[in-house]
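**Q** One structure coming up, written as structure tokens, with questions to follow.
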Amino acid sequence: MPSINWFTATPGDLIDGRFNSVILEHFYHWITGRQQDLWSPSFFYPNLDVLAFSDNHFGNAFIYALLRILDLSREVAFSAWYVSGCLLNFLVTYIVLRKLHFSVFAASAGAFVFAYFLPAIIQAGHAQLTYRFAIPLAFYALWNFIYKRQISALGLLFLWICVQFYCSIYLGVFLVYLLLAASIAALILQHKNLFKDLKRSWLDLTKPRKIFLSALAIASSISIILLLEKYQQVASLYGFTGNVVEVKHMLPRLESYLIADNSSFSSFVGSWFNQIPLYRHEHQLFIGIGVALIFFIGCCIPWFNYFGINRPYAKDQNAIGKLAFFSLLILFLSTLQYGVGGGQLTSPYEYLFSIPGILSIRAVTRLILVQGLPIAILVALACETLISSLNKNNYFWRAAGIAIVAALLSLEVIFFDHVKTPNAIWTERLNRLSVLLPKPIPAGSVLFVDNSGKETWYFAEVDAMVLAQDLGIPTINGYSGKFPPGHDHQSPNSCIPYMARVQDYGKFHHLTEASTNELMTHIIQIPPSTCVKVN
């Protein structure tokens, strides 16, 4: 709630927060019939398929749409959608940990860490990363498949991978990384008679069950392929290519795991490391002092039988603790940048750069959001062991132990310095532009908001996106993860006139001069000035 100031603000800044709001609002307009083309929102007009320039929110936008149908304003609906995602992450992880036989307190502690640990709440500005509830469900399905020898879990595994891809392609890819790491670890730890047991499990299924599970796995796989194929088509159409240098800058380093600049308690640790001049905001990977302490205890527990004395499900819990530990270790080592001669850094992850589309996943540091699940499991294991070691009949010490653990896990989160934007600022910026519009707005109008070099270019771009969407008209302006020809700003205060944008659009699509000139006649520019700085 502090991140939305009790529904009077939205999480994040004026740029990425409002951009995600535009994407969600577009989906709402589409299902209510106000927008005809799902893949072509009203920005970057007249370019098509611009939704595929970034995440699309297909897996969670229906929640936002429902909130808008219930007549919440777009700002409040966006905040409520964000809160819903956070709650869903917590509740689903709690249910999964309970199914893994953790106690109420241990499951709550683990779920809290997965949903709200520092690397998660620092990403509030990147709201497209909020919905992560399919990650614990997929991990649990893999557990049942390999450890419980349930072939039926394979269908659910594919389903939850698909759901996560449709919530966020970034996290869908990272979930696949986690599952591959967990599979490698599981095959080492639990390989005996695996294929024989899975074959028996398949033969035990009824024919309708086999057909249903096969159809579920195939349909989920096809859905993922179709989604990624659409993004590949758009990337090919617009000539998008990955930037190797940029991706290297956003691979985690050892010091990344100690940086939490917005934490009142532990920011001093990260202040010791100033070797990350670029994209430091993406290297905020420290999990918190209290969480780290309990996490390291959890890492030790599976290897010592002494800790299993008072735990009825110690064998299963230790097994999943080992699986979580090795999964996390594999992800950590395979993505970490290592120092080499000459002060350069390299990483095993660079071997993946040749895979088509992999460089589109620029911020590899966000893998921490998926690594949060094995961290949460090990925290739950530590809490289970610590609390069960206390005398059940001594309620005072048991309550004191729970309170101490809860404080260690939560205090740093409670006093975290959230980045948020008051709703009033949204309204004020839009009102300032609205008074400049002609009344009534002519039919067929296309909006263009001129930056004029007065502030960083993306403020005007997102202002135009929100205003045009509210007005129900397209806009030449736009902001996203990728940019069509004519829209790529080269400096913070640069301004690209609409004439240049339309001309570049015409050249790219081989249009006649008459066609581009006709489009320009429909453009309404506010304020009615010319760019001070041009790329």
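**Q** With +1 on each Lys and Arg Cβ and -1 on each Asp and Glu Cβ, and nothing else charged, work out how big the dipole of region 16-414 is about its Cα centre, in Debye to the nearest 20.
**A** Using Cβ point charges on Lys, Arg, Asp and Glu, region 16-414 gives about 1480 debye.
**Q** Then there's this: At most 12 other Cβ atoms within 10 Å and a DSSP loop assignment: could you name the chymotrypsin sites (Phe, Trp or Tyr not before Pro) in region 210-280 that fit?
**A** Sites meeting the loop and neighbour criteria: W272.
**Q** Which entry in (i) 19, 38, 21, 14, 5, 2, 0, 0; (ii) 21, 55, 24, 1; (iii) 20, 51, 25, 4, 0 matches P(r) over Cα pairs in 20 Å bins from 0, in percent derived from the coordinates of this structure?
**A** Derived directly from the coordinates: (iii).
**Q** So which chymotrypsin sites (Phe, Trp or Tyr not before Pro) in region 408-459 are both in a DSSP loop and have at most 15 other Cβ atoms within 10 Å of their Cβ?
**A** F415
**Q** With axes computed from alpha carbons, what is the tilt in degrees of helix 314-335 against the longest principal axis of the chain, rounded to the nearest 10 within 0 to 90?
**A** 40
**Q** Note down the nm distance, to one decimal, between modelled labels 7 Å out along Cα→Cβ at L333 and at R34.
**A** Distance between the two pseudo-spin positions: 5.3 nm.
**Q** Moving on. Separation of region 32-67 and region 96-148 by C-alpha centroid, Å?
**A** Comparing the Cα centres of region 32-67 and region 96-148, I get a distance of 28 Å.
**Q** With 29 Å as the limit, write out which pairs from K148/K210; K420/K507; K322/K482; K199/K315; K482/K507; K420/K454 have Cα-Cα distances beyond it, or answer none.
**A** K420/K507; K322/K482
**Q** What is the helix-to-structure angle for 395-414, meaning the angle in degrees between its Cα long axis and the longest Cα principal axis of the chain, kept from 0 to 90 and rounded to the nearest 10?
**A** Around 20 degrees separate the two axes.
**Q** Another question, if that's okay. Multiply the residue separation of K439 and D316 by 0.36 nm, subtract the distance between their alpha-carbon atoms, and state the gained length in nm to one decimal.
**A** 37.4 nm
**Q** Using the Cα centre of region 16-414 as origin and beta-carbon charges of +1 (Lys, Arg) and -1 (Asp, Glu), tell me which of V173, S183, Y279 is placed farthest towards the positive end of the dipole.
**A** My answer, from the dipole projection, is S183.
**Q** A further question on this structure: Taking 0.36 nm per residue of sequence separation and subtracting the Cα-Cα distance, how much length would be gained by fully extending the chain between I358 and N431, in nm to one decimal?
**A** 22.2 nm
**Q** Which whole-percent values make up P(r) of region 1-126 when all C-alpha to C-alpha distances are grouped in 5 Å steps starting at zero?
**A** Result returned by the calculation: 2, 11, 17, 19, 17, 14, 10, 6, 3, 1, 0, 0.
**Q** To test your reading of the geometry: what angle, between 0 and 90 degrees and rounded to tens, separates the Cα axis of helix 134-146 from the longest principal axis of the chain?
**A** Result, in degrees: 40.
**Q** At most 16 other Cβ atoms within 10 Å and a DSSP loop assignment: could you name the GluC sites (Glu not before Pro) in region 418-464 that fit?
**A** E455
Every number in this text was worked out from the coordinates using simple rules, so none of it is lab data. Since the model is a prediction, treat every value here as computed from it, not as a measurement. Here the Cβ is made from the backbone with ideal geometry for all residues, glycine too, and neighbour counts use every protein chain on show.
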